[in-house]
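Working notes, beginning with the structure itself.
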There are 2 protein chains.
Amino acid sequence: MNVEYINPFLHSAITVFDTMLGCRLIRKEPFVKGGFQPEHEVSGIIGLSGKAKGTVVLSLCREAALHAAETLLGERPTSIDGDVSDAVGELTNIIAGQAKAQLEHLELSVSLPNVITGKGHAVEFPKKVTPICIPFDCEWGYVAVEIGLVELPVEADEEMAEQVGAL
Amino acid sequence: MNVEYINPFLHSAITVFDTMLGCRLIRKEPFVKGGFQPEHEVSGIIGLSGKAKGTVVLSLCREAALHAAETLLGERPTSIDGDVSDAVGELTNIIAGQAKAQLEHLELSVSLPNVITGKGHAVEFPKKVTPICIPFDCEWGYVAVEIGLVELPVEADEEMAEQVGAL
């Protein structure tokens, strides 16, 4: 993946957590995500398409997800419920939206956010994609943003099946 | 969600399982997915954007995922590994692609497929979306296709945050 795509997502995550949640994210070293990875409890996932295709994943540990929802809703959810899911989906949407604005030349549009819940789930990208994971520390625990983005040759939209994840 | 969107995904799933896997899917009654649902072991998830935004999820029980990968790869994986993940991602991609072709007026483009693994995960849609679940029986066990698709008012792309899943 083009490393120039990393910074927009990194900065967007830091800004959104700071302005919407008052939570300071401390960036750690981005790394190439390979194989099955440390697993999270809540992941917001949003698809990107346009002159590139990809996915942004916002993963949070249980505590970080509960704190984020509490900050947005004014009340602490008692479990990872629909409110937490909506809060995480919305954060993912805004992070993707801000990063998208910085990647104007790719003319990205975003899909609906979905939220994956469940202890020990893993989000896998197609084998031929090289997703980058940006881990963060914060007072609430573990937060990470993962991005896998593939630029498309012009007019190759229909051929993606052959290029990405083909068997 | 507009019920006319259900059939393209339903037929596409049946056709893809039949032609690519030689597996006959028997449709059961589609239902509106609400709240936290029966959980799956492997889910392929793909974002759609264009004149509508949405997500297609292909969920499989462990046995169905292993059988599907075995049929595509010619060898049975010993666990839910990267090969199974790629096989499920590819099936999701092809099902979404075929359905997209039947929904030409929405000018949909698809994101990368991602695959969620992990026992007991759930894929949540934003609260304001009404996803439809189409369950199927087959000789390998449980398969389901879930679709949540929201038509956008023209030029409303940027306002999605307010319409879908806003807090």
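Take each residue of peptide B:76-84, count the partner chain Cβ atoms within 10 Å of its Cβ, and average: the result is 2.
Along each principal axis, taking the top coordinate minus the bottom one, the Cα set of the protein assembly as shown gives 53, 38, 35 Å in descending order. Packing, taken as the mean count of other beta carbons within 10 Å per residue, orders the peptides B:61-68, B:17-24 from highest to lowest as B:61-68, B:17-24.
Principal-axis analysis of the Cα atoms of chain A puts helix A:62-73 at an angle of about 80° to the longest axis. Taking Cα centre as origin and charging only the Cβ of basic (Lys, Arg, +1) and acidic (Asp, Glu, -1) residues, the dipole magnitude of chain B rounds to 380 debye.
Assuming R0 = 56 Å, can you tell me the calculated FRET efficiency for the pair B:GLU104 and A:GLU139, based on Cβ-Cβ distance, to the nearest 0.05?
Working: r = 49 Å, r/R0 = 0.88.
With R0 = 56 Å, the Cβ-Cβ based efficiency is 0.70.
Tell me what the protein assembly as shown gives for mean residue ellipticity at 222 nm when only DSSP H runs of n ≥ 4 count, each as -39,500 (n - 2.57), the sum divided by the residue total, rounded to 500 deg cm²/dmol. Intermediate results must be reported in sequence, preceding the final value.
Numbers: 8 runs with 106 residues, N = 334.
That comes out to -10000 deg cm²/dmol.
Per-residue mean of other chain beta-carbon atoms within 10 angstrom of the beta-carbon, peptide A:95-102?
On the way: counts 0, 0, 4, 0, 0, 1, 1, 0.
Partner Cβ neighbours, averaged per residue: 1.
The count of lysine pairs in chain B whose Cα atoms are under 27 Å apart, excluding pairs fewer than 8 places apart on the same chain, comes to 21. Using only Cα atoms and rounding to the nearest 10 degrees, what angle (0 to 90) does helix A:82-102 make with the longest principal axis of chain A? It is inclined by approximately 50 degrees. How far is helix B:6-21 tilted off the main Cα axis of chain B, in degrees rounded to 10, range 0 to 90? Rounded to the nearest ten degrees, it is 20.
Assuming R0 = 30 Å, what is the FRET efficiency of A:GLU75 and B:ASP81, from their Cβ-Cβ distance, to the nearest 0.05? Intermediate values should be presented prior to the final figure.
Details: r = 41 Å, r/R0 = 1.37.
Between A:GLU75 and B:ASP81 the formula returns 0.15.
Modelled spin labels at B:THR19 and A:ARG24, positioned 7 Å past Cα toward Cβ, are 5.7 nm from each other. Could you give the accessible area per residue of the protein assembly as shown, probe 1.4 Å, as a whole number in Å²? For the protein assembly as shown, the per-residue accessible area is 40 Å². Taking the centroid of alpha carbons for each part, segment B:108-146 and segment A:1-32 are 28 Å apart.
The values are calculated or read from the model by the stated rules, or taken from the named source; none is laboratory data. Since the structure is predicted, the reported quantities are computational estimates derived from the model, not experimental observations. Virtual Cβ from ideal backbone geometry, glycine too; neighbours counted across all protein chains shown. Side chains are part of the model used for accessible areas, which takes the heavy atoms of the whole protein and leaves out ligands, DNA and RNA. Shrake-Rupley method; radii C 1.70, N 1.55, O 1.52, S 1.80 Å.
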